[in-house]
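Worksheet: one structure, shown below.
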Amino acid sequence: MNTSLPLIIDCDPGIDDAVMLMIALMSQKLDVQAITTVAGNVPLRLTSRNARMICERMGCSDVPVYAGCPRPMLRKPVTAEDFHGESGIEGIEIFAPKAPLAPGHGVTELIARLSVAAPASQTVILSGPMTNLAAALVMAPEIAASISHLVVMAGGDEIGGNITPFAEFNVFADPHAAAIVFDAGIRTTVLSLDVTHTVRSGPERIAGLRRIPGPEAKMMADLLAASNNLEARWKNGQMAPMHDPSTVVYLLAPEIFEVKPCRVSVVTRPGAGFGRTRVKDTRRGPHAWVTAADADAFFGVIEDLLKGRA
Ligand code: BDR
Ligand code: CA
């Protein structure tokens, strides 16, 4: 019997999205059923190619990749090549994936899959701007009931933003979509900058990965090394945070994180706070804000998966 957790991943690869996909595709505990892509770190054409490249390199070309929205709901598109390179996944050789995009639009595919799922049966990760799920929720609000757990990399509270003093990239890139998703009443765990900035892929972490034999460990080390170079260039020599990988590591090992119940809202009014997440502590939720992670255990989870492939 297959007891692994069925999972849909919506992403914008993105170096850290690529590392996240690798972790998810390596784990026997997760069953990645579909990947939907969105414009974010780089345009949709590239995020859609990049997701398929990672699937192919991981021997998972059978996982369908659906292209979703090519632009945000309302605001002008923003991208993040400075942190991911022109290709979106600096650090590995670019090639044309053998598998084509799966037929159909990412949004209609989300609706199709979630509307036939049993109530509260689906886990969904969002690691880019939330445009696809927001559009799906506008078109078919009833799909919210199928999602048992949404895990998102988004926002920042105590630490502030990474794109403006207050806004984190995924929320800033489509605040209106993030507002729709957070307002949908879905149980959501939020991996924000508050926690991702405490787990960074410094040189000693990468050296640890390089000691593990096998092409996957090398590929992940190369991606993270490239990410560090880009991060250091723009952020005063700092090493890259493990933003998107934290969503999958959370699903695999929630016990290594600390969480508080809350309700998250998003500032969509133009001005200095545009794209800011506001976190109201409330035991009723429906959101859970991750406040801390055990960084050693975090890398331990990843290393164990890579050792299992070696
Ligand atoms: C988020 O923004 C993107 O650049 C990363 O892929 C991550 O999802 C971090 O703010
Ligand atoms: Ca991302």
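The values are calculated or read from the model by the stated rules, or taken from the named source; none is laboratory data. Keep in mind that what you see is a predicted model, and the values were worked out from it rather than measured. We place every Cβ from the backbone using ideal geometry, glycine too, and count neighbours over all the protein chains shown. SASA here: full protein model, heavy atoms, side chains in, ligands and nucleic acids out. Shrake-Rupley method; radii C 1.70, N 1.55, O 1.52, S 1.80 Å.
Numbers below:
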item	result
Derived scalar couplings ³J(HN,Hα) [the range 156-164; Karplus, 6.51 cos²θ - 1.76 cosθ + 1.60; whole Hz; x for Gly, Pro]	x, 10, 5, 7, x, x, 10, 10, 10
Carbon plus sulfur fraction of accessible area for the chain, probe 1.4 Å, in percent	53 percent
DSSP-assigned coil residues among trypsin sites (Lys or Arg not before Pro) in the range 61-114, each with at most 14 further Cβ atoms within 10 Å	98
Of 98/235; 235/307; 235/280; 98/218, pairs whose Cα-Cα distance is over 27 Å	98/235; 235/307; 235/280
Among 83, 11, 272 the positive-end extreme of the charge dipole of the range 5-309 (Cβ point charges)	272
Rel. contact order, % - alpha carbon contacts under 8 angstrom, at least six apart, the chain	19 percent
Longest segment of the chain lacking GluC sites (Glu not before Pro) that sit in a DSSP loop with at most 14 other Cβ atoms within 10 Å	159-310
For the chain: rounded, prolate or oblate by the Cα gyration tensor [a/c cutoff 1.5]	rounded
Cα centre as origin, Lys/Arg/Asp/Glu Cβ charges: the range 5-309 dipole, Debye	440 debye
The range 111-131 and the range 138-212: distance between their alpha carbon centers, rounded to Å	16 Å
DSSP H segments from the chain that extend 15 Å or more along their own axis, Cα-based, with Kyte-Doolittle mean of 1.0 or above	15-26, 106-116
Cleavage-rule hits (trypsin sites (Lys or Arg not before Pro)) in the range 190-226: DSSP loop, at most 16 neighbouring Cβ within 10 angstrom	211
Assigned charges on the beta-carbon of Lys, Arg, Asp, Glu; the range 203-276 dipole about Cα centre (debye)	300 debye
Reachable aspartates and glutamates, given that their alpha-carbon falls under 15 Å from the alpha-carbon of residue 29 and they are not under 8 places away in the same chain	304
